[in-house]
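Presented below is the structure to which this report refers.
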Amino acid sequence: MKKFKTKLEPLARGFLECESEYRGLKLASGWHRSIKEWPMEIDKRGFAVSYRENMAYIQEFGEGLHCDDDIFNRLVKENPDDAEELLQIKELMEPYMTMYQAPDLFFSEIQKQMLNESVAMSGGWLGHAVPDYEGICIRGTQFYREKVEKYREMNRGNENFNNDFYDACALMVDAIDVAGARFYEIATKELETATDPERIEMLKNIKRTFDHAPQRPCRDFVEAVIVYIMVYTIDCVSAPWRQDSPGHIDQFFYDFWKVTDPALRQRYLEYLWEFFHDHRVWNVCLSGSDENGNDLSNELTYEILALIKKYKYQTPNVTLRWHKNSPQKLLDATYEALATGTGLPGLYNDHAVVPALMRLGIQKEDAHKYVMNGCNQIDIPGKSHMGLADGDYVLARAVEFALNNGVSNNSGYDFGMHTGDPADFETYEQFYDAVIKQLDHILKNLCEMANIQQRFNAQEQPNPLRSVLIEGCLEKGIDYRSGGPIYGHGQLLVSAIADAADSVAAIKKYVYEEKRFTIAEVADAMRCNYEGYEEMYQTFKNTHLKFGNDIPYVDKIAADLVDHCHHYFLKTPTFRGGFFSGGCSPFVNA
């Protein structure tokens, strides 16, 4: 195995110098080398942060292992003495640059065209999760090191036992310790020349944190926040806008909060909030109910709501879980935050979400621990890989295909589901049945594409750090992407619900009930973009039958279409060992 002299590209060097063929161990070796060598700093708030700047080869939670060619080419140009080895690294790494290959390798021709036309999309995004970052603060890395060895021995005799998987996980635990030791050294050295009293206090807090953490548990809120940020940035901040969701922070930080000096903890809470804002953290969750219906809000919940009111930031996104036992005090504090005009916090109803999660087979206790993740997805922190999102689709295309016998008006491509000439649809029921058949054809291919992509991701993009920090992986000896987490459901996002419902409602009303137009005329109007059909265009444009205006006529159509999709998903297994479910992100695709 070649050993490189260059000090550039530590992840790629560690990856290539690892003799194992298991991708997860090669990645862990790359991570360990990177954490030993990449630039680290104690930022303006006194946080220990790692950014993978000036590294072309990185692994991101959402986009996997990849190379930034612009950075690579700049490094070659700026470092002529290293250029030959850098080019060797690129040549050797090329076979592993597979992130976007699944569609070309494994999708059918119809599926490739669905992807090209944005009918159904899967690929290029590895999904959100909420790893148990706080577990390092609460238990220390020694707990996880022992857990790795415990389950290595328990599973050693299993048929599919992979010792390299456990080596990879152990190496990631060691890497976290290396990071802590480096920050201790950085703080010690800077303290020798620091003169600003506030900076000196920050450095001392870093030093007293890492004189025992992350190997052993944190002792107060300051230490917990410092260690949390360190682990968080190692996992998912490769640039100031690349990150995942922190989860239920008023719950896991509260025990640390209670034992910390009030002035000091308030200062570090504000530092944390500014960090979340600056780095566009996706979703912070507050409050909620436990499995017995008890309210989970606490003093920290109210302090965070006060920060929303004080700073009026629109990031991080904040969601608050509401339920029948939420106190009036919480309602008042929430109203005050919302009144600032930020739109935060968003409100989620425990009485709707928890039963829905339980229908997916999620245990009641875990369902009550749900948090929001990504843009608007729901996750079980520290226990799941729920896709988020495994793919998305445009519901309105099913209406288009029903009007064109499975052929795209955009490209003329025949997607293969032939429901007949629309001129033969004598009743609304016949037309609607064609829409459903076209929809099922889209959903079938979408689920297949998602599972193909999941299987490919599991092989090509394992994640040993998340395998340590998400329950089930070490216990099973299975990587985070391969079905290791306790919950392996998937999520497929729908867009164009309103377009589909409005279109079906218009056809039902003006073709089959009022008979102003024929279905053949509507189909022809679609093909020629209403040229020559001005009356029809104005009728459809100006109709009052628009989804979302409390009009049962059209709202029921929308509900029926969405329910059909979700029932289809619930009957379709994911590669990761769960079932698909649905979500809605209407801002993604029209």
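Selection of segment 149-167 for residues being basic (Lys, Arg) and in contact with a Phe, Trp or Tyr (Cβ under 8 Å, 6 or more places away or on another chain) yields only Arg152. Being in contact (Cβ under 8 Å) with a residue 24 or more places away in the chain and in contact with a strand residue (DSSP E or B) (Cβ under 7 Å, 6 or more places away or on another chain) is the requirement here; does Leu446 meet it? For Leu446, the condition - in contact (Cβ under 8 Å) with a residue 24 or more places away in the chain and in contact with a strand residue (DSSP E or B) (Cβ under 7 Å, 6 or more places away or on another chain) - is met. Taking the criterion of being open to solvent by less than 50 Å² (accessible area, probe 1.4 Å) and part of a helix (DSSP H, G or I), the residues of segment 412-431 that qualify are Pro422, Tyr428, Phe431. So which residues in segment 295-320 are open to solvent by 10 Å² or more (accessible area, probe 1.4 Å) and over 22 Å from Asp379 (Cβ atoms), if there are any at all? Within segment 295-320, Glu299, Tyr302, Glu303, Ala306, Lys309, Lys310, Tyr311, Lys312, Tyr313 meet the criteria.
Under the condition of being buried (at least 19 other Cβ atoms within 10 Å of the Cβ) and in a loop (DSSP other than H, G, I, E, B), the residues counted in segment 46-77 number 6. Tyr537 fulfils the conditions (1) farther than 21 Å from Ala434 by Cβ; (2) in contact (Cβ under 8 Å) with a residue 40 or more places away in the chain; (3) in contact with a Phe, Trp or Tyr (Cβ under 7 Å, 6 or more places away or on another chain) except for a single criterion, (2). For segment 198-209, the criterion of being in contact with a helix residue (DSSP H, G or I) (Cβ under 6 Å, 6 or more places away or on another chain), buried (at least 17 other Cβ atoms within 10 Å of the Cβ), farther than 21 Å from Phe221 by Cα and at pLDDT 95 or above is met by no residue. Go through the residues of segment 448-467 one by one and say whether even a single one is over 30 Å from Gly157 (Cα atoms) and open to solvent by 40 Å² or more (accessible area, probe 1.4 Å). Yes, segment 448-467 has at least one match. Within segment 123-135, none of the residues are touching a helix residue (DSSP H, G or I) at 6+ places or on another chain (Cβ under 9 Å), free of Cβ contacts under 8 Å to residues at least 24 places away in the same chain, under 24 Å from Arg576 (Cα atoms) and among the acidic types (Asp, Glu).
In the set Pro246, Pro240, only one residue is modelled with pLDDT under 95 and open to solvent by 50 Å² or more (accessible area, probe 1.4 Å); that residue is Pro240. Of all residues in segment 339-352, exactly one satisfies the criterion of being open to solvent by less than 20 Å² (accessible area, probe 1.4 Å) and closer than 16 Å to Ala367 by Cβ, namely Asp350. Scanning segment 294-324 for residues that are under 21 Å from Tyr370 (Cα atoms) and assigned to a loop (DSSP other than H, G, I, E, B) returns Asn294, Leu296, Ser297, Asn298, Thr315, Pro316, Asn317, His323, Lys324.
Taking the numbered list (1) at pLDDT 95 or above; (2) open to solvent by 30 Å² or more (accessible area, probe 1.4 Å); (3) of a type in the set (Lys, Arg) in turn, Arg280 passes all entries but (1).
Residue count for segment 151-194 under the criterion of being of a type outside the set (Asp, Glu), part of a helix (DSSP H, G or I) and within 18 Å of Asp43 (Cβ to Cβ): the result is 10. Going by the structure shown, is Glu9 of a type in the set (Asp, Glu) and buried (at least 21 other Cβ atoms within 10 Å of the Cβ)? Against the criterion (of a type in the set (Asp, Glu) and buried (at least 21 other Cβ atoms within 10 Å of the Cβ)), Glu9 qualifies. In segment 213-236, the residues that are in a helix (DSSP H, G or I) form Cβ pairs under 6 Å with partners that are of a type in the set (Lys, Arg) and open to solvent by 10 Å² or more (accessible area, probe 1.4 Å), at six or more places apart or across chains, as follows: Phe221/Arg265.
For segment 88-101, does any single residue satisfy the condition of being crowded, with 19+ Cβ neighbours inside 10 Å, in contact (Cβ under 8 Å) with a residue 24 or more places away in the chain and in a loop (DSSP other than H, G, I, E, B)? Looking through segment 88-101, at least one residue is crowded, with 19+ Cβ neighbours inside 10 Å, in contact (Cβ under 8 Å) with a residue 24 or more places away in the chain and in a loop (DSSP other than H, G, I, E, B). The single residue among Glu291, Glu274, Glu336 that is part of a loop (DSSP other than H, G, I, E, B), open to solvent by 50 Å² or more (accessible area, probe 1.4 Å) and of a type outside the set (Phe, Trp, Tyr) turns out to be Glu291.
The values are calculated or read from the model by the stated rules, or taken from the named source; none is laboratory data. Treat the numbers as computed from the prediction; the structure is a model and nothing was measured. In this analysis, Cβ positions are derived from the backbone assuming ideal geometry, glycine residues included, and neighbour counts consider all displayed protein chains. The protein model used for the area step is the full one, side chains on, heavy atoms only, and it has no ligands, DNA or RNA in it. Shrake-Rupley method; radii C 1.70, N 1.55, O 1.52, S 1.80 Å.
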